[in-house]
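No lab work stands behind these numbers, since they all come straight from the coordinates. What you see is a predicted model; the values in this text were computed from it and never measured. Please note: Cβ atoms are built from the backbone with ideal geometry, for glycine as well, and neighbour counts cover all protein chains shown.
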Amino acid sequence: MVVVPSGTGVPAPLPRVGAAGDPDVAGWSRRPPTPDDLRWDVLLGGSLFVGAILSSVMWRVTGLIPDPAEGWLSALLLAAQTLPLAVRRRWPSAVAVVAGVTFIVGQALLVPEQLFSNIALFMALYTVGAWEPSRTRAFWVRAVVVTAMFTWLLVSIFLAATDPDEDLGLDRVGAFSPFVAYMLIQLLTNVLYFAGSWWFGDHAWASARERERTAWRTRLLQAERVRAEAQAVALERLRIARELHDAVAHHVSLMGVQAAAARTVLGTDPARAAAALGHVEESAREAVVELQGLLGTLREGAAAVSGVPVPPSAPDEALASLDVGRIPRLVEQAGAGGLEVTYQEVGEPARLSPLTSLNLYRIAQEALTNTRKHAGHSARADVRLRWLPGEVELEVSDDGGTSRRAAPAPGTGMGLAGMRERVAADGGTLEAGRLRRGGFLVRVRVPVAGGDGAGRGATTGRETTDG
């Protein structure tokens with residue numbers, strides 16, 4: 001008959017965090033036990049065996065069990081009951097079956113020990129629920145063991161009730177006699193005992209799965225953060241590449257036009273050739289300043305990663321000064337390069353963010369570069385900056401030129417793509433396409449946060465014509 005000792009609850013082992021795999025997928029299992037877990041299991045099995053031997057000896061001394069099993073047989077059965085717990089996390093189902101069978105055999109042969117045998121059985125059933133990878137096998141193994149235990153309990157109750165030689169000192173007469181009450185207590189105790197081992201085992205499995213789920217989500221968040229950082233770096237590289245494209249394409253294109261003009265008039269008009277070469281020198285200087293500013297940005301980015309401070313340089317400040325206030329200067333440079341271009345600003349200027357102002361300047365620069373590249377030197381371009389209620393509009397158009405080259409310069413598509421990205425970053429709209437009358441139009445509208453008139457730019461209605 002199963003007799004349950006008090007105070008046999010054992011805390012669930014704490015698995016380490018970080019097992020691989022998604023805990024929410026079917027077939028998930030706990031990570032294998034650590035070497036420390038296995039060493040504790042060996043210590044547990046050995047301790048229970050020593051305690052069971054001492055308990056058996058004390059039971060023999062009390063003489064409460066008549067005709068107990070032989071000492072060597074008791075020691076053998078107690079060893080089979082407790083020592084397999086040393087490998088309980090490796091083979092939980094096998095250990096539970098061995099513990100259950102050995103427990104019934106020991107009870108049938110009157111092994112004088114009940115305390116540590118019950119603890120070992122509880123630990124075996126608990127381990128099946130907490131560590132068995134196959135949840136189907138975990139259910140059926142425990143169901144078979146528990147069914148066998150209750151069957152043995154009922155058989156023991158029946159034998160005790162019908163054995164005339166069995167004297168427990170309890171009155172057997174009546175439905176609620178002391179004997180019946182004693183047997184009901186045993187039945188209730190065993191129900192709570194086996195239900196507890198079942199529930200605690202499942203709870204330990206669920207807790208381990210929840211810890212793994214938390215660790216898995218943490219790893220996903222870390223991977224997402226790394227991915228976001230990589231995307232930010234890629235976007236920053238694209239931004240710098242766009243800045244390099246706009247700056248180099250504009251200045252190199254302008255230098256090429258001015259150098260060609262200088263070569264053409266070098267023999268007939270040295271003064272014009274010298275002026276054109278002066279424009280080449282000025283464009284080269286401005287290109288170097290802008291490139292140094294971009295490289296300074298790269299150095300600051302590297303310093304932020306490495307932790308080494310890099311003092312800001314003057315080229316960075318020069319790069320930061322590129323805004324809508326420099327568009328008239330941009331128009332003058334285009335006119336000096338042989339392009340007939342006009343500039344007009346309408347409305348009351350408003351304050352723009354530095355990024356928005358830089359983007360408008362770059363869009364105007366790229367549009368004029370495309371005019372020289374695709375429409376030729378004979379084209380006429382118009383640049384208009386309109387300050388409207390709540391937004392600013394930049395428009396660059398050309399007439400397509402009167403002469404056509406045999407092979408127009410091929411485009412990479414990066415110019416218009418860069419314009420779209422800049423406008424999208426400012427929350428504006430972009431219109432770009434060919435005109436019916438000929439030529440090309442680029443129109444940008446960007447919202448303005450306020451209209452306090454503190455923005456940079458030319459005076460209202462000013463018009464500049466170059467070329």
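Packing around the peptides 94-100, 140-146, 214-220, taken as the average count of other Cβ atoms within 10 Å per residue, puts them in this order, highest first: 94-100, 140-146, 214-220.
So if each residue of separation counts as 0.36 nm, and I subtract the Cα-Cα distance between Ala148 and Val252, what length gain in nm does that give? Gain on extension, Ala148 to Val252, equals 28.3 nm.
Given +1 at the Cβ of Lys and Arg, -1 at the Cβ of Asp and Glu and no other charges, the dipole of the stretch 317-388 around its Cα centre is 160 debye to the nearest 20. Between Ala181 and Gln231, the FRET efficiency from the beta-carbon distance, with R0 = 56 Å, is close to 0.15.
Using per-residue counts of other Cβ atoms within 10 Å, averaged over each peptide, order 379-386, 55-62 from highest down. Intermediate values should be presented prior to the final figure.
Details: 379-386: 20.9, 55-62: 15.0.
My ranking of the peptides, most packed first, is 379-386, 55-62.
Dipole of the stretch 35-225 computed with +1 at Lys/Arg Cβ and -1 at Asp/Glu Cβ about the Cα centre; of Ala94, Ile65, Phe158, farthest Cα towards the positive end is Ala94.
Each label was represented as a point 7 Å from its Cα along the Cα-to-Cβ direction; for Ala424 and Val50 these points are 7.2 nm apart. Think of the stretch 35-225 as a dipole: +1 on every Lys or Arg Cβ, -1 on every Asp or Glu Cβ, centred on the Cα centre; then among Ala223, Met149, Leu76, Ala223 lies furthest on the positive end.
Modelled spin-label separation between Thr264 and Arg217, with each label point placed 7 Å from Cα along the Cα-to-Cβ direction: 7.0 nm. Taken along the Cα-to-beta-carbon direction at a fixed 7 Å, the label points for Ala195 and Leu435 span 8.9 nm.
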